[in-house]
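To start, the structure itself, in structure tokens.
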Amino acid sequence: WDFHDHSEDIFLTFDDGPDEHFTPGILDILEQENICATFFVTGSNATKNLSLLKRIGNQGHEIGIHSYHHKRLNLHSKHVLYHEIIASKRLVEQVIGRQVKLFRPPYGLFSPRMLHVCQQYDLKLVSWSYLTYDFDLYLTDQVILNYAEKNISSGEIIVLHDGHRHSFRTVKILPFFIKRLKNKGMKFALI
């Protein structure tokens with residue numbers, strides 16, 4: 001896919017939301033920092049949080065699909081794939097009023113059937129290059145921040161979570177995470 005031609009760009013993404021407890025805080029931080037990100041939402045969470053879904057879109061963030069129920073889709077039939085991907089796509093498009101073009105498979109697992117469904121519905125498959133492990137409470141905040149500062153370089157697609165049960169941590173560390181990357185001269189772009 002065609003990423004911008006700015007060598008210092010990085011791409012901040014959030015998976016599994018929107019969540020009424022965590023997504024508002026993340027959106028507030030992104031707004032304060034004047035950063036746009038890409039949110040990969042699940043249909044089941046979007047259905048429960050339509051106003052948050054609208055807010056994500058209204059704040060200028062990109063929205064992609066992350067399935068409906070966050071299943072391991074690589075082993076499922078085409079029928080299940082259609083429901084998981086297309087039901088979510090249609091729901092999100094109806095709420096935000098624009099076309100959804102991105103799909104990130106749960107757990108990063110994909111299959112030839114999934115690729116076919118994505119091609120058929122003009123969805124670009126998006127993975128990641130840097131997983132923050134923001135959901136892993138065995139890692140301290142400082143370890144996550146230090147490792148990110150040391151290892152994230154330009155062009156990275158970074159995964160954080162706004163819909164995981166431990167996403168309170170993401171809200172807590174996000175301002176520090178952004179500051180460290182800005183201090184390295186990184187610029188945040190949309191996928």
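The values are calculated or read from the model by the stated rules, or taken from the named source; none is laboratory data. These numbers come from a predicted model, not from an experiment. Virtual Cβ from ideal backbone geometry, glycine too; neighbours counted across all protein chains shown. Only protein heavy atoms, including side chains, enter the accessible area calculation; ligands, DNA and RNA are left aside. Shrake-Rupley method; radii C 1.70, N 1.55, O 1.52, S 1.80 Å.
The residue that is nearest to Lys187 (Cα to Cα), among those in the stretch 122-132 that are open to solvent by less than 40 Å² (accessible area, probe 1.4 Å) and either in contact (Cβ under 8 Å) with a residue 60 or more places away in the chain or β-branched (Val, Ile, Thr) (or both), is Thr132.
Would you confirm whether or not the stretch 16-23 contains a residue that is in contact with a His (Cβ under 7 Å, 6 or more places away or on another chain), modelled with pLDDT under 95 and either aliphatic (A, V, I, L, M) or surrounded by 17 or more Cβ atoms within 10 Å (Cβ to Cβ) (or both)?
Looking through the stretch 16-23, none of the residues is in contact with a His (Cβ under 7 Å, 6 or more places away or on another chain), modelled with pLDDT under 95 and either aliphatic (A, V, I, L, M) or surrounded by 17 or more Cβ atoms within 10 Å (Cβ to Cβ) (or both).
Within the stretch 86-129, the residues that satisfy the criterion of being part of a helix (DSSP H, G or I) and either over 21 Å from Pro18 (Cβ atoms) or touching a Pro at 6+ places or on another chain (Cβ under 9 Å) (or both) are Pro112, Arg113, Met114, Leu115, His116, Val117, Cys118, Gln119, Gln120. For the residues Phe135, Phe110, the requirement of being among the aromatic types (Phe, Trp, Tyr) and open to solvent by less than 80 Å² (accessible area, probe 1.4 Å) singles out Phe135. One residue stands out in the stretch 147-163 among those that are of a type in the set (A, V, I, L, M, F, W, C) and assigned to a strand (DSSP E or B): the one that is surrounded by the most Cβ atoms within 10 Å (Cβ to Cβ), namely Leu160. The residue of the stretch 11-31 that is nearest to Leu91 (Cα to Cα), among those that are in contact (Cβ under 8 Å) with a residue 24 or more places away in the chain and more than 13 Å from the chain's Cα centre (by Cα), is Glu20. Taking residues in the stretch 63-92 that are within 18 Å of Leu52 (Cα to Cα) and open to solvent by less than 10 Å² (accessible area, probe 1.4 Å), and partners anywhere that are assigned to a strand (DSSP E or B) and among the hydroxyl-bearing types (Ser, Thr, Tyr), the pairs with Cβ atoms closer than 7 Å and at least 6 places apart or on different chains are Gly64/Thr38. Annotation: Arg169 fulfils all but one of (1) open to solvent by 50 Å² or more (accessible area, probe 1.4 Å); (2) basic (Lys, Arg); (3) closer than 22 Å to Phe40 by Cα; (4) outside any loop (DSSP other than H, G, I, E, B); the unmet one is (1).
So which residues in the stretch 104-124 are of a type in the set (A, V, I, L, M, F, W, C), touching a Leu at 6+ places or on another chain (Cβ under 6 Å) and at pLDDT 95 or above, if there are any at all? Residues satisfying the conditions do not exist here.
If you go through the stretch 37-54 and keep only what is crowded, with 17+ Cβ neighbours inside 10 Å and either of a type outside the set (S, T, N, Q) or part of a loop (DSSP other than H, G, I, E, B) (or both), you end up with Ala37, Phe39, Phe40, Val41, Thr42, Gly43, Ala46, Asn49, Leu52, Leu53.
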